[in-house]
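Here's the structure, in structure tokens; my notes come after.
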Amino acid sequence: MSTVTVVTADQLLHMPEDGYRYELVAGELKRMPPAGCEHGAVGGDLQGLLFHHVRQHRLGKVFSAETGFLLARDPDTVLAPDVAFVCADRLREKPITKSFWPGAPDLVVEVVSPGDTIREIDDKAKAWLAGGARMVWVVNPAWRSVAVYRAEHDIRTLAENDDLTGEDVVPGFSCRVVEIFADV
């Protein structure tokens with residue numbers, strides 16, 4: 001019989017660097033292998049597009065893939081999306097500290113990796129929504145598409161020629177889906 005060691009968010013925050021990213025799901029460590037080149041390029045391009053718009057319009061803060069968001073306590077759940085956005089109003093309520101952000105970001109971006117199953121990525125998107133995210137973008141390089149989740153059963157899939165917008169979450173943001181995959 002195997003036992004699982006329960007880890008807290010504070011223990012995760014103070015773990016020594018070992019070259020991997022970790023998420024914490026109900027107190028259980030989940031090791032995340034480093035992203036592949038395509039994954040990083042797609043996430044980086046989308047992060048850059050979002051960053052430019054958010055900074056120019058002072059809408060809040062865009063966070064990179066290493067950022068943990070504390071979604072639950074006792075047992076703790078800390079997830080790290082590929083890209084995240086938190087609006088300015090929430091940043092005023094909860095300033096940035098050295099620990100994990102308490103709660104979900106307003107927008108979560110998850111880039112599908114070759115080893116991810118559709119079920120895993122769908123479950124993760126729904127977990128973000130259940131944790132308080134207002135919108136989740138699931139970016140799929142293989143299909144060159146973006147699935148936009150607003151609620152468990154409110155999911156739209158956008159193809160290359162469609163416009164991806166921030167709707168009411170990232171006001172004024174818009175790009176063609178093909179821009180995200182321009183160089184991959």
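The values are calculated or read from the model by the stated rules, or taken from the named source; none is laboratory data. Please read these numbers as outputs of a predicted model, since none were measured by experiment. Positions of Cβ are backbone-derived with ideal geometry, glycine not excepted, and every protein chain shown enters the neighbour counts.
If you go through the range 111-137 and keep only what is closer than 22 Å to Asp168 by Cα and touching a helix residue (DSSP H, G or I) at 6+ places or on another chain (Cβ under 6 Å), you end up with Val111, Val136.
Evaluating Ala65 against the criteria (1) surrounded by fewer than 23 Cβ atoms within 10 Å (Cβ to Cβ); (2) modelled with pLDDT of 95 or more; (3) of a type in the set (A, V, I, L, M) leaves one unmet condition, (2). Among the candidates Gly172, Gly166, the residue that is at positive phi and touching a helix residue (DSSP H, G or I) at 6+ places or on another chain (Cβ under 8 Å) is uniquely Gly172.
Look through the range 126-144, keep the residues that are of a type outside the set (D, E, K, R) and assigned to a helix (DSSP H, G or I), and return whichever of them is surrounded by the fewest Cβ atoms within 10 Å (Cβ to Cβ).
Ala130
If the condition is being assigned to a helix (DSSP H, G or I) and either modelled with pLDDT of 95 or more or of a type in the set (S, T, N, Q) (or both), then the range 111-125 contributes only Ala125. The one condition from (1) of a type outside the set (Ser, Thr, Tyr); (2) outside any helix (DSSP H, G or I); (3) more than 19 Å from Gly131 (Cβ to Cβ) that Leu70 does not meet is (3). For the range 9-25, the criterion of a residue being over 30 Å from Ala182 (Cβ atoms), touching a helix residue (DSSP H, G or I) at 6+ places or on another chain (Cβ under 7 Å) and not aromatic (Phe, Trp, Tyr) is satisfied by at least one position. Counting just the residues of the range 157-175 that are without any contact (Cβ under 8 Å) to a residue 60 or more places away in the chain and in contact with a strand residue (DSSP E or B) (Cβ under 6 Å, 6 or more places away or on another chain), which one comes out farthest from Ala88 (Cα to Cα)? Only one residue tops the list, namely Ala159.
Among the residues making up the range 175-184, those that are outside any helix (DSSP H, G or I), in contact with a helix residue (DSSP H, G or I) (Cβ under 7 Å, 6 or more places away or on another chain) and surrounded by 12 or more Cβ atoms within 10 Å (Cβ to Cβ) are Cys175, Phe181, Val184.
Among the residues of the range 128-156, how many are touching a Ser or Thr at 6+ places or on another chain (Cβ under 8 Å), free of Cβ contacts under 8 Å to residues at least 40 places away in the same chain and under 25 Å from Leu71 (Cβ atoms)? Residues meeting the conditions: 3.
Here is a yes/no grid of residues against (1) modelled with pLDDT under 95; (2) surrounded by fewer than 14 Cβ atoms within 10 Å (Cβ to Cβ); (3) not aromatic (Phe, Trp, Tyr):
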{"residue": "Ala104", "(1), (2), (3)": "no, no, yes"}
{"residue": "Val146", "(1), (2), (3)": "no, no, yes"}
{"residue": "His153", "(1), (2), (3)": "yes, yes, yes"}
{"residue": "Asn161", "(1), (2), (3)": "no, yes, yes"}
